[in-house]
Amino acid sequence: MARGKHPLMKCRHCDAKAVVNMRQHKLALCGPHFVEWVHKQTERFIEKYNMFTRDERVLVAVSGGKDSLALWDILLALGYRADGLYIGLGIDGGLSYSDESHRYITEFIEARGGDLTLHTVDVAGIYGASIPDAARLTRRGREKPCSVCGLSKRHIMNRVAREHGYDVLATGHNLDDEAAVLFGNAMVWSVDYLSRQGPVLPPSHPGLARKVKPLFRFYEREMAAYAIVRGIEYMYDECPHATGATTIRYKELLNQLEESSPGIKLQYVLRFLKAREQHGLFAQVREQLDLRTCPTCGQPTTNDGACSFCRMWERVNDRRIEQGL
Ligand code: SF4
Ligand SMILES: [Zn+2]
Ligand SMILES: [Zn+2]
């Protein structure tokens with residue numbers, strides 16, 4: 001199941017065979033002890049970074065992939081008040097990617113007795129076009145619809161959290177995601193992103209939810225192992241538009257480094273956060289960020305007037321009218 005596993009490797013805590021060997025922690029564990037370890041670690045991260053309390057309501061953005069379903073599973077197991085949010089992007093890629101993703105989420109809920117709250121937002125149904133169609137119509141995504149997609153997902157997550165009174169918005173970003181994004185931001189010294197990237201992002205506007213990443217210290221393969229041990233069926237395929245993405249190339253590079261220096265990815269992210277906090281790196285950038293309020297949707301924006309999301313969907317609708325769609 002996990003790279004580096006020795007056939008005779010035993011669990012650190014019992015005589016059972018280890019199912020996962022985490023070289024960066026020098027720790028091999030059997031299934032039940034691994035699940036216990038993941039739960040304890042997540043609880044520790046939630047408290048250490050002041051993510052949320054048991055009284056607060058958490059909205060988990062679920063995509064049908066292993067990380068977000070694992071996150072929902074862990075939060076429920078730990079007794080947090082966690083509901084799900086699924087955004088139907090209308091991505092096909094030949095195998096009806098979005099429908100498949102939704103099916104895994106429905107199965108996840110059914111396997112837990114069906115008594116979970118899931119908010120579903122169908123982008124095409126609400127805004128008039130799927131993400132790939134919107135990208136085509138605005139020519140914003142001539143090659144890939146990712147910028148339209150990212151913009152829309154951020155807006156929708158904020159909107160649903162606000163409309164339903166959630167305190168916190170949780171995403172399933174793991175360490176591999178965080179390290180690759182940090183690497184990308186540091187490659188081009190994107191100080192704006194470097195000033196904000198982290199496990200907790202406080203709300204920039206009243207009424208917005210705090211954004212948290214409770215899994216940000218777990219390696220991707222640990223989350224895959226967790227999903228398998230817990231019997232969580234998940235969407236294995238990446239979004240068809242993810243192929244060739246820069247983040248994937250950065251992940252591969254960082255994995256090569258990790259191979260020869262176990263733990264380097266974790267140190268890279270943790271030391272960045274520590275240096276930023278201890279030395280106030282990029283603090284000025286954060287303070288200078290001039291956020292205004294979009295007059296159309298009420299969400300924060302650096303634009304004068306309507307935010308990028310509202311402008312983009314206005315263009316989509318203009319094109320739809322022009323083209324009689
Ligand atoms: S790769 Fe990610 S951002 Fe791009 S279209 Fe797919 S889900 Fe959206
Ligand atoms: Zn054990
Ligand atoms: Zn707006």
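Within segment 222-267, the residues that satisfy the criterion of being of a type in the set (A, V, I, L, M) and within 15 Å of ligand 1 (Cβ to nearest atom) are Met235, Ala242, Ala245, Ile248.
Inspection of segment 47-67 finds no residue satisfying the criterion of being modelled with pLDDT under 95, of a type in the set (S, T, N, Q) and in a loop (DSSP other than H, G, I, E, B).
Here's the yes/no breakdown for (1) modelled with pLDDT of 95 or more; (2) closer than 27 Å to Glu100 by Cα; (3) not in a helix (DSSP H, G or I):
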position: Gln24; (1), (2), (3): no, no, no
position: Phe34; (1), (2), (3): yes, no, no
position: His39; (1), (2), (3): yes, no, no
position: Ala82; (1), (2), (3): yes, yes, yes
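Would segment 300-307 turn up any residue that is within 14 Å of ligand 3 (Cβ to nearest atom), modelled with pLDDT of 95 or more and under 18 Å from Ser147 (Cα atoms)? The answer is yes, given that some residue of segment 300-307 is within 14 Å of ligand 3 (Cβ to nearest atom), modelled with pLDDT of 95 or more and under 18 Å from Ser147 (Cα atoms). Restricting attention to segment 162-205 and to residues that are of a type in the set (A, V, I, L, M), outside any helix (DSSP H, G or I) and surrounded by 15 or more Cβ atoms within 10 Å (Cβ to Cβ), the residue that is nearest to the chain's Cα centre (by Cα) turns out to be Ala170.
Which of the residues that make up segment 299-312 are touching a residue at least 12 places away in the same chain (Cβ under 8 Å) and more than 21 Å from Ala134 (Cα to Cα)? Answer for segment 299-312, where residues must be touching a residue at least 12 places away in the same chain (Cβ under 8 Å) and more than 21 Å from Ala134 (Cα to Cα): Pro300, Thr302, Asp304. Given Arg292, Arg311, which one is of a type in the set (Lys, Arg), under 26 Å from Ala161 (Cβ atoms) and exposed (fewer than 15 other Cβ atoms within 10 Å of the Cβ)? None of the other options fit; the residue is Arg292. Within segment 156-179, is even one residue closer than 30 Å to Asn255 by Cβ, modelled with pLDDT of 95 or more, within 16 Å of ligand 3 (Cβ to nearest atom) and of a type outside the set (Asp, Glu)? For segment 156-179, residues closer than 30 Å to Asn255 by Cβ, modelled with pLDDT of 95 or more, within 16 Å of ligand 3 (Cβ to nearest atom) and of a type outside the set (Asp, Glu): present. Scanning segment 271-299 for residues that are under 15 Å from Arg154 (Cβ atoms) and touching a Lys or Arg at 6+ places or on another chain (Cβ under 7 Å) turns up nothing. For segment 97-152, a residue qualifies if it is in contact (Cβ under 8 Å) with a residue 60 or more places away in the chain, surrounded by fewer than 21 Cβ atoms within 10 Å (Cβ to Cβ) and closer than 23 Å to Lys211 by Cα, and the qualifying residues are His119, Cys146, Leu151.
Here Cys30 passes the criteria (1) closer than 26 Å to Gln267 by Cα; (2) away from ligand 2 (no atom under 13 Å from the Cβ) except the one numbered (2). Condition first: outside any helix (DSSP H, G or I), at pLDDT below 95 and either touching a Leu at 6+ places or on another chain (Cβ under 7 Å) or under 30 Å from Gly263 (Cβ atoms) (or both). Can you find one or more residues in segment 84-100 that meet it? No: segment 84-100 contains no residue that is outside any helix (DSSP H, G or I), at pLDDT below 95 and either touching a Leu at 6+ places or on another chain (Cβ under 7 Å) or under 30 Å from Gly263 (Cβ atoms) (or both). Applying the condition of being on the phi > 0 side of the Ramachandran plot and under 27 Å from the mean Cα position of the chain (by Cα) to segment 272-325 and asking which residue is farthest from ligand 2 (Cβ to nearest atom) yields Gly298.
For segment 68-79, check the following and say yes or no: at least one residue is closer than 26 Å to Lys211 by Cβ, of a type in the set (S, T, N, Q), touching a residue at least 40 places away in the same chain (Cβ under 8 Å) and surrounded by fewer than 17 Cβ atoms within 10 Å (Cβ to Cβ). No; the residues of segment 68-79 include none that is closer than 26 Å to Lys211 by Cβ, of a type in the set (S, T, N, Q), touching a residue at least 40 places away in the same chain (Cβ under 8 Å) and surrounded by fewer than 17 Cβ atoms within 10 Å (Cβ to Cβ).
Table: residues versus (1) within 16 Å of ligand 3 (Cβ to nearest atom); (2) of a type in the set (Phe, Trp, Tyr).
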| site | (1), (2) |
| --- | --- |
| Phe282 | no, yes |
| Val285 | no, no |
| Arg292 | yes, no |
| Arg311 | yes, no |
| Arg320 | no, no |
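Checked against the criterion of being under 18 Å from His173 (Cβ atoms) and of a type in the set (A, V, I, L, M), segment 40-52 contains one or more residues that satisfy it.
The values are calculated or read from the model by the stated rules, or taken from the named source; none is laboratory data. Just so it is clear, the model here is predicted, and its values are computed rather than measured. Because the Cβ atoms are built from the backbone with ideal geometry, glycine has one as well, and the counts that use them run over all protein chains shown.
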